[in-house]
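Derivation of every value follows stated rules applied to the coordinates shown; laboratory data play no part. Owing to the predicted nature of the structure, the values given are computational and were not obtained by experimental measurement. Cβ coordinates were reconstructed from backbone atoms using ideal geometry, including for glycine residues, and neighbour counts include every protein chain displayed.
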Amino acid sequence: MARLMTSAWSVVALVLLLLGALVLMSDATQDSARFSEIYSTLLVVCTLGLIFLAILIVANLWRLRTQVRRDEAGARLTFRMIVIFVLLSLPPVFVVYYFSLQVLHRGIDSWFDVRIESALTDALELGRTSLGIRMREQLRQTESLGLEIEVLGREGLTLALATALTTNQAAELTVLSDTGAIVASSSSDPTKLVPHQANSSALLQVSPARSFVGLEPVSGAGLHVRAVVELSIPAAGGQRFFLQALYPVAERMNELAETVQTAYAKYRELAYLRDPLKFSFTLTLSLVLVLSIFTAVWTAFLSARRMVAPLRSLAAGTQAVAEGDYGTRLGEPARNDELGFLVTSFNDMTSRLRSARDETRQSQGLVEEQRTYLEAVLARMSSGVMTIDGSHHVVTANDAAGQILGVPQDRIEGANLAALAANEPRMQPLVELLQSQFSDTAHDWRTELTLFGPNGRQVLICRGTRLPSPHTSASGYVVVFDDMTALIQAERNAAWSEVARRLAHEIKNPLTPIQLSAERLRHKYLGHMSDAEGATLDRLTRTIVNQVESMKEMVNAFSDYARSPTTQPETLDLNALIADVAALYGAKLVMLALDRHLPTLEADPNRLRQVLHNLIKNANEAGADNADQAATEIETRVARTEFGDYVELEVRDHGPGIPEQFLASMFEPYVSNKTRGTGLGLAIVKKIVEEHGGRVSARNNQPAGASIVIQLPLRQAEGQARGSIATAEAGS
Amino acid sequence: MNAAAVRALACGLIYASVVVILGLKSAQANEFSVRNAQFRVINGVINMDADVDLPLTEAAREALSNGVTLTVVIESEVRAQRALLWDESIANIRAIFAIEYHALSDQYVLRNVNLGLTQSYTNLGALRAELGRIRAFPLIGVSRLAADQDHSVRIQARLDIESLPAPLRPLAYLSTRWRVSSDWYEWALRW
């Protein structure tokens with residue numbers, strides 16, 4: 001912009017200079033003596049200046065054309081504006097030029113009047129005529145003088161001439177030969193040594209018959225009449241002699257003649273210069289026209305560029321913003337019109353965009369941080385977290401969820417709940433729970449859920465809540481579940497042990513004194529009583545002691561049940577254990593059908609022994625009433641269920657079977673259909689089996705009998721188990 | 001600006017100026033010419049005798065008969081030749097003559113502007129003949145010539161356009177009918 005302005009000022013200076021030159025030129029054209037000498041220089045200067053301006057304009061045009069071709073911002077608008085400016089400014093200039101020319105020509109023409117010219121010509125003619133009369137007279141005088149001196153000899157010539165000078169009022173009398181040699185001379189001007197020379201052409205004209213007379217302007221002395229007469233003097237060698245007389249014209253006449261002559265000459269010159277003058281003025285005017293046109297065009301360029309400049313920078317800035325560079329700032333314009341407002345608004349907009357973008361970036365960063373934090377927390381959590389969307393798709397599931405459920409996390413994530421239940425049957429209860437909760441409750445819920453998976457029985461505490469979704473109307477859910485199995489187990493154990501300990505202690509305390517008292521009674525009074533009384537005392541005290549024994553047993557059994565020692569698992573061959581235990585009973589009572597390829601287990605042998613004993617006892621007792629006396633059967637096998645691989649242990653009896661109403665609750669403590677016993681046997685079995693992560697169930701067989709089925713999970717390396725099971729299957 | 005455009009413009013300008021110069025040059029149909037230059041020493045000043053042919057164009061004569069004063073300039077330049085540099089100009093003399101037509105007496109007046117002398121002639125031819133006879137034209141004092149250098153003298157006779165009335169000057173410059181001047185004739189200066 002600054003460059004534009006400095007070049008603008010220099011062009012303005014040039015234009016002013018050219019204007020000045022043109023003014024001087026027009027002055028000089030009117031024949032002012034001041035600038036006449038430099039007229040040609042001015043002309044050259046003006047022409048060069050205009051050529052320079054023309055080049056400038058052509059350069060600008062070319063640049064504009066290139067800009068329009070390249071489709072630069074604002075180029076077309078600049079072009080349109082320039083065209084408008086030029087169209088606005090040129091017609092008036094041309095109109096003025098045309099009319100000025102007309103006025104000029106007519107003005108110049110008006111200087112010349114035919115009547116004045118003819119008047120001057122007539123005046124000149126008059127002058128010539130009057131002078132002519134005088135001239136002829138003086139010629140006659142000269143001729144007569146010539147005749148007079150013809151007869152004189154050379155010697156007397158000078159004297160005669162001097163005399164004739166005053167007589168005839170001549171300025172000079174000279175006799176000369178045709179070669180121009182002066183024979184004699186006489187002049188009225190004493191200072192004059194050399195007489196005026198007649199031009200040879202005049203001499204040539206003279207002949208005896210014809211003399212010469214003419215006017216002659218002499219410098220410093222005005223007009224003179226020159227008369228040349230040939231003297232007929234016989235001379236040797238054919239030399240001819242002439243008499244030349246110079247007569248001054250009267251002063252007054254001289255003056256007048258001079259005036260007329262000057263006026264006439266001036267007017268003739270002016271008349272002759274009329275056309276050149278017109279041409280000069282036209283030239284000057286044309287130069288002015290060209291200068292005006294060039295100035296108008298160049299000014300059009302300048303002002304159009306200046307006006308469009310903000311638009312160009314605006315267009316460039318907009319492009320930059322569109323490409324994502326929000327740092328663009330346009331220079332504040334100096335003026336406060338609409339374009340300036342546009343520029344200010346643009347700057348506002350870009351700065352707001354920039355700050356908005358920065359804020360977005362910042363919040364994005366924060367969101368990223370939060371996400372990362374959340375992901376880290378979720379990944380490390382021990383609780384399983386699942387989010388489910390409105391269409392029952394699992395959106396996210398953390399690693400703990402996969403671990404707890406025993407399904408790989410990537411299988412859970414993204415799956416539909418129904419599909420998940422179909423593919424992973426162990427998850428069925430959970431899916432059913434979720435589906436029911438999702439459709440029913442609108443508030444947070446919390447339930448306990450039992451799953452039976454490859455790791456055994458699991459108790460999960462599930463908590464769920466709705467996730468309001470801002471985008472869709474169907475909200476999602478988030479479910480958090482914890483594997484409480486071990487915890488519950490431990491809690492229960494702790495609670496029971498505490499109760500059992502206290503109870504056992506409290507009950508046992510009075511039992512001993514009772515028993516002791518009874519025994520002392522016996523001891524003390526049995527000997528001193530009659531047989532009948534003694535027998536009664538004996539019977540009664542025995543009853544007391546037996547019952548107290550029985551109570552002690554019960555309390556011990558209970559205490560045993562409650563305060564069970566911690567399971568100490570070791571790698572165990574179940575078949576061997578069973579065989580061991582069965583051997584105690586004998587083959588008559590217990591029959592074995594053990595899978596030879598049973599893999600080893602992680603279990604506590606002592607506890608399992610207890611289990612086996614309890615079950616065998618129960619089975620034997622149930623089958624004791626059987627007429628066939630069939631033995632209890634113990635069978636082991638590997639079960640590949642949909643839940644996973646288990647070792648199954650079945651204890652089959654041939655008894656009457658289990659009454660329906662007991663089936664559900666027979667493993668609860670103190671539930672028994674036997675008159676004897678603590679009622680804790682099956683409860684203990686269940687406890688132990690569950691401590692091993694297994695499951696115990698009972699069913700009635702067809703046609704008769706019942707079975708107790710224990711499922712214990714296989715807890716060794718998958719590969720090994722699979723291998724053994726595969727061979728088992730192949731073998732069987 | 002486009003480089004091609006610059007080239008075109010330059011070529012155009014050069015072409016135009018060449019045409020103009022050639023045109024001007026070839027317009028010297030009626031040329032003044034200087035002949036028969038002879039040099040002699042008179043009173044320690046080298047003088048020149050020469051014959052100059054001064055044909056005046058139709059346009060010039062018309063102007064003359066309409067009262068315009070024509071100025072004829074005869075210019076001489078004495079140069080010393082130097083070996084390495086261009087020749088040095090050591091004397092430059094201009095003789096200016098004015099030719100006028102005197103309507104009343106129907107005579108042509110020749111005026112020597114330097115000396116102030118006038119001479120009238122009945123016809124232009126006589127005037128031109130007289131003007132063309134250059135006798136005893138002083139060039140330079142002998143003492144000013146260095147002995148060890150060669151000297152040359154250049155003579156030009158021309159019609160001075162700058163002394164014409166201003167309106168005539170543009171026409172005189174542009175039109176071929178007015179450009180009357182001789183070439184620079186050069187002689188070695190020997191006396």
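Laid out as a table, the results:
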{"read-out": "When the convex hull of its Cα atoms is projected in every direction, mean area for chain B (nm²)", "value": "15.0"}
{"read-out": "³J(HN,Hα) computed for each position of region A:351-363 - Karplus, 6.51 cos²θ - 1.76 cosθ + 1.60, integer Hz, glycine/proline x", "value": "5, 5, 4, 4, 5, 4, 5, 4, 4, 4, 4, 4, 5"}
{"read-out": "Mean ellipticity per residue at 222 nm, deg cm²/dmol - from DSSP H runs of n ≥ 4 across chain A, formula -39500 (n - 2.57)", "value": "-20500 deg cm²/dmol"}
{"read-out": "Two-site label geometry, residue A:359 and residue B:162: point separation in nm, points 7 Å out along Cα→Cβ", "value": "8.0"}
{"read-out": "Karplus-derived 3J(HN,Hα), 6.51/-1.76/1.60, for each residue of region A:414-419, Hz, glycine and proline x", "value": "x, 7, 7, 4, 4, 5"}
{"read-out": "Calculated SAXS-style log₁₀ I(q)/I(0) at q = 0.05, 0.06 Å⁻¹ - chain A, Debye, Cα scatterers", "value": "-0.64, -0.75"}
{"read-out": "Net charge dipole size for the protein assembly as shown [Lys, Arg +1 and Asp, Glu -1 on Cβ; Debye, nearest 20]", "value": "1280"}
{"read-out": "Distance-filtered residues of region A:518-539 - backbone nitrogen under 19 Å, label point 7 angstrom along residue A:547 Cα→Cβ", "value": "A:518-523, A:535-539"}
{"read-out": "For region A:236-334, projected area of the alpha-carbon convex hull averaged over all directions, nm²", "value": "19.6"}
{"read-out": "Cα-Cα P(r), region A:381-483, percent of pairs per 5 Å interval", "value": "2, 14, 25, 30, 19, 7, 2, 1, 0"}
{"read-out": "Rg ratio (alpha-carbon, reference 2.2 N^0.38 Å) - region A:490-562", "value": "1.49"}
{"read-out": "Relative contact order of region A:381-483, defined on C-alpha pairs under 8 angstrom at six or more residues apart (%)", "value": "29"}
{"read-out": "Amide proton proximity set for residue B:32, modelled H, under 5 Å, gap of 5+", "value": "B:181, B:182"}
{"read-out": "Extension gain from residue A:444 to residue A:490, taking 0.36 nm per residue of separation minus the Cα-Cα distance", "value": "13.8 nm"}
{"read-out": "Computed Kirkwood radius, in angstrom, where 1/r is averaged over Cα pairs of region A:245-394", "value": "25.4"}
{"read-out": "Under DSSP loop assignment and at most 12 Cβ neighbours within 10 Å, longest trypsin sites (Lys or Arg not before Pro)-free interval of chain B", "value": "B:83-189"}
{"read-out": "Lys pairs, chain A - Cα-Cα below 18 angstrom, 8 or more residues apart or on other chains", "value": "7"}
{"read-out": "Charged-residue dipole, Cβ positions (Lys, Arg, Asp, Glu), chain B about Cα centre, Debye nearest 20", "value": "200"}
{"read-out": "Residues whose placed amide H lies under 5 Å from that of residue A:639, excluding near-sequence neighbours", "value": "A:646, A:647, A:648"}
{"read-out": "Sorted by Cβ neighbour density within 10 Å, fewest at the top, the residues A:601, B:110", "value": "B:110, A:601"}
{"read-out": "Stretch in chain A that is longest and holds no chymotrypsin sites (Phe, Trp or Tyr not before Pro) that DSSP places in a loop and that have at most 16 other beta carbons within 10 Å", "value": "A:113-669"}
{"read-out": "Long-range HN-HN contacts of residue A:701 with modeled amide H, under 5 Å", "value": "A:706, A:707"}
{"read-out": "Among A:423, A:246, A:374 the positive-end extreme of the charge dipole of the protein assembly as shown (Cβ point charges)", "value": "A:246"}
{"read-out": "Leading residue at positive end of dipole, chain A (Cβ point charges), from A:223, A:685, A:167", "value": "A:167"}
{"read-out": "Once the Cα gyration tensor of region A:199-288 is diagonalised, semi-axes √(5λ) in Å", "value": "44, 18, 9"}
{"read-out": "Pairwise Cα inverse-distance average, inverted: Kirkwood Rh of region A:127-272 (Å)", "value": "16.0"}
{"read-out": "Peptide B:105-118 - average C-beta neighbours from other chains (10 Å radius)", "value": "3"}
